[in-house]
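Report on the structure given below.
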Amino acid sequence: QVHLVESGGGLVQPGGSLRLSCAASGSIFSLNRMGWYRQAPGKQRELVADQTTAGTTNYADSVKNRFRISRDNAKKMLYLQMNSLKPEDTAVYYCMFRIAVRDYWGQGTQVTVSS
């Protein structure tokens, strides 16, 4: 069983930065993709950024050149560096690990961008 825990969310002013972390426990031997998703109130969950274990990275157009996904394989950690944050980035952010054919999700961390 794989367990994911996000951290690093909070309240930040427009233009500010946050770094989200996702810690994985359990076996991730068959990991093939990792990603960050977000869900704003009244909206569907959407992809923010993802990365395959081969290194292919994909970003939503709305976050390109502002957010950066990275990982530390040895520590089983996934990160999302978020810069130049905007009010429309406000959402609950979730990490996802695809292991074999199953997706595992964390519980989410709230990011609020407001002055």
Scope the stretch 59-111; condition touching a residue at least 12 places away in the same chain (Cβ under 8 Å), more than 17 Å from CYS22 (Cα to Cα) and surrounded by fewer than 15 Cβ atoms within 10 Å (Cβ to Cβ); matching residues
SER62, ASN83, SER84, LYS86, PRO87, GLU88, ALA100
Just one of the numbered conditions (1) within 22 Å of PRO14 (Cβ to Cβ); (2) of a type in the set (D, E, K, R); (3) touching a strand residue (DSSP E or B) at 6+ places or on another chain (Cβ under 9 Å) is not true of ASP50; which one?
(1)
Can you find even one residue in the stretch 106-114 that is closer than 19 Å to GLY8 by Cβ, among the hydrophobic types (A, V, I, L, M, F, W, C) and more than 15 Å from the chain's Cα centre (by Cα)?
yes
Determine, yes or no, whether GLN110 is touching a Gly at 6+ places or on another chain (Cβ under 7 Å) and at pLDDT below 95.
no
Out of the residues in the stretch 1-17 that are open to solvent by less than 50 Å² (accessible area, probe 1.4 Å) and small (Gly, Ala, Ser), state the one that is nearest to MET82 (Cα to Cα).
GLY16
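For the stretch 89-102, give me the residue count where each residue is over 11 Å from the mean Cα position of the chain (by Cα) and more than 14 Å from SER25 (Cα to Cα).
Matching residues across the stretch 89-102 total 6.
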Test result for VAL48, β-branched (Val, Ile, Thr), touching an Asp or Glu at 6+ places or on another chain (Cβ under 8 Å), surrounded by 15 or more Cβ atoms within 10 Å (Cβ to Cβ) and modelled with pLDDT of 95 or more
no
Counting just the residues of the stretch 24-41 that are surrounded by fewer than 17 Cβ atoms within 10 Å (Cβ to Cβ), modelled with pLDDT of 95 or more and within 26 Å of PRO87 (Cα to Cα), which one comes out farthest from the chain's Cα centre (by Cα)?
ALA40
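The values are calculated or read from the model by the stated rules, or taken from the named source; none is laboratory data. Here the structure is a predicted model, which is why all the values come from computation and not from measurement. Note that each Cβ is placed from the backbone with ideal geometry, even for glycine, and that neighbours are counted across all protein chains shown. All accessible areas refer to the heavy atoms of the entire protein, side chains included, with ligands and DNA or RNA removed. Shrake-Rupley method; radii C 1.70, N 1.55, O 1.52, S 1.80 Å.
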